[in-house]
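Notes follow the structure.
The values are calculated or read from the model by the stated rules, or taken from the named source; none is laboratory data. Keep in mind the model is a prediction, meaning the values are calculated, not measured. Using ideal geometry, Cβ is built from the backbone for each residue, glycine included, and neighbour counts are taken over all protein chains shown.
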Amino acid sequence: MRDAARDDTFNLASYNCVPPAMRLSELDYDLPEELIAQEPLERRDDARMLVLDRKTKSTEHSRFYKLARHLREGDLIILNDTRVLPARLFARKESGGGLELLLVRPINAPEKGPDGAWIALVRTHRALKENTRLILPDGHALRIVGYARPGRPIVASDDGIAIAQLLEHDGILALPHYIHRPPIAADRDDYQTVYAEKSGAIAAPTAGLHFTDDVFKSLAEAGVRTATVTLHIGPGTFAPVRALEVESHTMESEWFTIPPSTQISIDHTRRVGGRVITVGTSSTRALESWAITGDAEGFTGLFIHPGFRFKLADAMITNFHMPRTTVLALVMALAGRDNILASYREAIRHRYRFLSYGDAMLIL
């Protein structure tokens with residue numbers, strides 16, 4: 001596995017995908033602004049769920065708390081247990097100018113070594129020079145110590161306080177840009193799965209936001225098991241596709257790991273004839289990266305788009321995605337572009353809630 005801390009464009013893009021090339025316009029659909037959910041539901045599992053059978057092309061309207069009824073004994077659900085960091089910081093230069101930072105990830109693998117320098121995104125009018133000192137509201141400071149690549153400064157603590165600790169104290173949750181309100185205290189819990197465990201993501205694996213203890217109980221009673229992977233979601237997942245030919249898009253790498261217990265569970269599920277059901281595009285990319293490379297942990301820039309041949313994911317629980325995004329390309333790869341667009345039209349007609357705080361989709 002190449003060291004993606006030094007090569008942030010490491011990419012399995014287009015692995016085992018076949019022509020013809022997909023045009024960017026094929027990732028388009030009309031999303032009414034008023035259907036983009038701005039707030040979470042009061043109860044997570046009350047979310048509506050559109051169930052798509054990709055073989056029969058049929059759809060069914062359901063609710064997430066009924067998930068177990070749509071699955072069968074022996075199925076295995078794969079959850080991404082990443083935990084969202086309050087990764088957004090406001091700071092000022094010693095010269096007085098204010099700026100905003102988004103701390104993306106440690107320069108080294110999150111699970112390796114001490115907390116040191118981090119790769120960041122900086123919102124400012126001009127590029128920051130190396131050695132620029134950035135003062136946080138509580139008086140602690142960061143320093144620009146280099147650049148991973150253009151537009152990706154590397155920052156380090158300037159006073160010995162670990163960056164992860166600074167984030168917990170000064171950091172603000174970075175809600176997606178299409179949520180047109182500032183984050184509130186409740187978002188710290190609402191924008192986190194109930195099973196989140198390993199800190200490292202800048203955004204939530206939103207397909208997992210619908211799960212509750214009651215849902216897990218009903219799944220267990222139905223003989224449906226669960227297992228976890230970790231993929232720390234970074235800006236690569238949400239960067240819009242701009243290449244006219246979709247296959248030319250390059251994703252920024254993200255750290256993933258597949259625990260041995262999950263590997264055993266997947267093998268058992270295959271042997272008993274169950275289905276591997278991934279929760280969200282991040283879990284899917286983690287599994288398929290492992291299937292392709294044989295590496296159970298590392299950095300992946302795998303870009304899954306139509307033409308991809310899935311090795312492990314049989315079905316998926318997902319949310320409804322933005323046009324012209326890698327996540328929309330992924331669900332089209334699994335279910336077929338025509339099936340997805342027809343399902344999205346159905347969801348729009350029935351006024352489903354879209355995107356991160358929106359409703360769910362089960363692709364069987």
(request) Please determine, by comparing only the residues of segment 214-257 that are in a helix (DSSP H, G or I) and among the hydroxyl-bearing types (Ser, Thr, Tyr), which one is surrounded by the most Cβ atoms within 10 Å (Cβ to Cβ). (result) 237
(request) Identify, from the list 19, 32, the residue that is exposed (fewer than 14 other Cβ atoms within 10 Å of the Cβ), at pLDDT below 95 and either more than 30 Å from residue 144 (Cβ to Cβ) or not β-branched (Val, Ile, Thr) (or both). (result) 19
(message) Filter segment 289-315 down to the residues that are touching a residue at least 60 places away in the same chain (Cβ under 8 Å), assigned to a loop (DSSP other than H, G, I, E, B) and of a type in the set (D, E, K, R) and list them by number.
(response) 295, 309
(message) Every residue in segment 142-156 that is more than 15 Å from residue 108 (Cα to Cα) and surrounded by 16 or more Cβ atoms within 10 Å (Cβ to Cβ), please.
(response) 142, 143, 144
(message) Filter segment 35-52 down to the residues that are surrounded by fewer than 18 Cβ atoms within 10 Å (Cβ to Cβ) and touching a residue at least 24 places away in the same chain (Cβ under 8 Å) and list them by number.
(response) 35, 38, 39, 43
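Of the residues 11, 80, 108, which is modelled with pLDDT of 95 or more and either in the same structural domain as residue 319 (by TED's automatic domain parsing) or surrounded by 15 or more Cβ atoms within 10 Å (Cβ to Cβ) (or both)?
Numbers: 11 fails: modelled with pLDDT of 95 or more; 108 fails: modelled with pLDDT of 95 or more.
80 is the lone residue from the list that is modelled with pLDDT of 95 or more and either in the same structural domain as residue 319 (by TED's automatic domain parsing) or surrounded by 15 or more Cβ atoms within 10 Å (Cβ to Cβ) (or both).
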(request) Would you check if residue 73 is surrounded by fewer than 20 Cβ atoms within 10 Å (Cβ to Cβ), assigned to a loop (DSSP other than H, G, I, E, B) and in the same structural domain as residue 287 (by TED's automatic domain parsing)? (result) yes
(request) Return the total of residues in segment 258-303 being crowded, with 20+ Cβ neighbours inside 10 Å, within 17 Å of residue 198 (Cβ to Cβ) and of a type in the set (D, E, K, R). (result) 1
(request) Run down 179, 161, 119, 172 and say which single residue is in contact (Cβ under 8 Å) with a residue 12 or more places away in the chain and surrounded by 19 or more Cβ atoms within 10 Å (Cβ to Cβ). (result) 119
(request) Being in a helix (DSSP H, G or I), within 25 Å of residue 175 (Cβ to Cβ) and among the polar types (S, T, N, Q) narrows it down to one of 265, 343, 282, 261, so name that one. (result) 282
